[in-house]
Amino acid sequence: MTATSVLLLSCPDQPGIVAAVADFVYHHGGNILDAQQHTDRTDGVFFQRVEFALDGCDLDRAEIAPALRPLVDRFAMRCVVRFSDDRPRVGVMVSREAHCLVDLLARSRRGELPIEIPVVISNHVDHAEVASWFGVEFVHLPVTTATRAEQERAVLDVLRSHRVTLVVLARYMQVLSPEFVEQWPAAIVNIHHSFLPAFMGARPYHQAHERGVKIVGVTAHYATAELDDGPIIDQDVVRVSHRDSVEDLQRRGRDLEVAVLARAVRAHVEHRVLVHGRRTVVFD
């Protein structure tokens, strides 16, 4: 498919934004293929995603962002320029549970997710053979409370050496330090096995069972310095009953976890997510 450019825009809501953006694309020979917008009436913020064909555009890729500067200044706009043929290099971090890891590796191999996975990092050795089967390097970096800072430095070294641009926590059951997370703003996607903000922290299925919930859910979100409190990208739920044990809740939850994580990664790599404070706007 022909490569496209994607503009992710946000600014104070005001007249003329849509017309100005469309005029910019038109006057540079671009053809808009998709345009979606949303106005947050509470905060008075306008969001837009515009995708246009690069064929016929008189700007090179590196020239698009500078050419947008007058619009950015005029509307006090935040603007990110992305391209559809970018293939993010994803570093997957995992602990003992393998289901999300296997699903991501399989979707990547099939081309279902437009990503490359050059490395899997784990604090356990359990999934070395899985990574090897998919032809992906596996790095074992055990961690204890005493060695956490040293281990995180080693993780960063591995991610940088593999030129990773997106980190996915595929049931990585260690709390990352604020110093680590702050180096990857809106670039660490975590799957949490509860319908946040309910049942934050450890053992959420046990917490849900103790409360006798009638649904269980999972949440994919960007990791931030605050545990399980980052901007939510995707969520889903399934109905349960008093007959379901903790093990039943975990089994049902695992089915949701793989689907929700894959949807969240897809939304991120297709440049459909705009972060606004603790929230996101996720375009279709």
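The values are calculated or read from the model by the stated rules, or taken from the named source; none is laboratory data. All of these numbers come straight from a predicted model, not from anything done at the bench. Every residue, glycine as well, gets a Cβ built from its backbone with ideal geometry; the counts of neighbours run over all protein chains shown. Ligands, DNA and RNA are excluded from the accessible area calculation, which covers all protein heavy atoms including side chains. Shrake-Rupley method; radii C 1.70, N 1.55, O 1.52, S 1.80 Å.
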Considering the dipole of the chain built from charges on the beta carbon (Lys and Arg +1, Asp and Glu -1) around the Cα centre, which of CYS11, VAL213, THR39 is farthest to its positive end? VAL213
Accessible surface, per residue, of the chain when the full set of protein chains is kept, probe 1.4 Å, Å²: 50
Given a Förster radius of 30 Å and the C-beta distance between ARG251 and ALA128 as r, what FRET efficiency does 1/(1 + (r/R0)^6) yield to the nearest 0.05? 0.75
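Show me the GluC sites (Glu not before Pro) within region 45-149 that DSSP assigns to loop and that have at most 13 other Cβ atoms within 10 Å of their Cβ.
Answer by residue number: GLU112.
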With every protein chain left in place, what is the accessible area of ARG89 in Å² (1.4 Å probe, nearest 10)? 50
For ASP73, solvent-accessible area (1.4 Å; no DNA, RNA or ligand), Å²: 100
Within the accessible area of the chain (1.4 Å probe), percent carbon and sulfur: 51
For ILE233, residues with placed amide H under 5 Å, excluding near neighbours: ALA220, HIS221, TYR222
About the Cα centre of the chain, how large is the charge dipole given +1 on each Lys and Arg Cβ and -1 on each Asp and Glu Cβ? Please answer in debye to the nearest 20. 480
For region 171-245, give me the percentage of DSSP beta bridges that are antiparallel, rounded to the nearest 5 percent. 100
Let's test this: bin the Cα-Cα distances of region 216-274 at 10 Å from zero up to the farthest pair and state each bin's percent. 22, 43, 27, 7, 0
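Within region 173-253, list the trypsin sites (Lys or Arg not before Pro) lying in a DSSP loop whose Cβ has at most 15 other Cβ atoms in a 10 Å radius.
Details: sites: ARG211, LYS214, ARG239, ARG243, ARG251, ARG252; in loops: LYS214, ARG243.
Of the trypsin sites (Lys or Arg not before Pro), the ones in loops of region 173-253 whose Cβ has at most 15 other Cβ atoms within 10 Å are LYS214, ARG243.
Please compute the length gained on full extension between ALA65 and GLN207, using 0.36 nm multiplied by the number of residues separating them and subtracting their Cα-Cα distance. Kindly include the intermediate steps, with their values, before the conclusion.
Numbers: separation 142, 0.36 × 142 = 51.12 nm, distance 4.75 nm.
That pair, ALA65 and GLN207, stretches by 46.4 nm at full extension.
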Run the quick spin-label model on ARG278 and GLU179: label points 7 Å from Cα toward the beta carbon, then report their separation in nm to one decimal. 2.7
For region 76-225, what class follows from the C-alpha gyration tensor (a ≥ b ≥ c being the square roots of its eigenvalues): rounded when a/c is under 1.5, otherwise prolate if a/b is larger than b/c, else oblate? rounded
Whenever you get a sec, line up MET173, MET77 from highest to lowest accessible area (probe 1.4 Å, protein heavy atoms). MET173, MET77
Taking the alpha-carbon centroid of each part, what is the distance from region 92-144 to region 218-284 in angstrom? 19
In range of the label at THR147: residues from region 156-185 whose backbone nitrogen is under 18 Å from the point 7 Å along Cα→Cβ: 156-159, 173-177
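Which order do THR280, THR42 take by accessible area at a 1.4 Å probe, largest first? Each step should come with its number before you reach the end.
Values: THR280 35, THR42 125 Å².
So, going from the largest accessible area down, we get THR42, THR280.
Show that you can apply the helix-only estimate: for the chain, add -39,500 (n - 2.57) for every DSSP H stretch of four or more residues, divide by all residues, and state [θ] at 222 nm to the nearest 500. Display every interim value, and only then the final one.
Details: 9 runs with 93 residues, N = 284.
Estimated from H runs of four or more residues: -9500 deg cm²/dmol.
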Are there any GluC sites (Glu not before Pro) in region 208-281 that are in a DSSP loop and have at most 11 other Cβ atoms within 10 Å? List them by number. GLU226
Do you know the relative contact order of the chain, to the nearest whole percent, from alpha carbon pairs under 8 angstrom that are 6+ apart? 15
At R0 = 25 Å the Cβ-Cβ FRET efficiency linking PHE83 and ASP13, nearest 0.05, sits at 0.35
Folded to 0 to 90 degrees: helix 99-110 orientation relative to the chain principal axis, Cα: 40
How would region 80-156 be classified by its alpha-carbon gyration tensor: rounded, prolate or oblate, with rounded meaning a/c under 1.5 and the a/b versus b/c comparison settling the rest? oblate
Could you pull the accessible area for ARG49 with a 1.4 Å probe, rounded to 10 Å²? 10
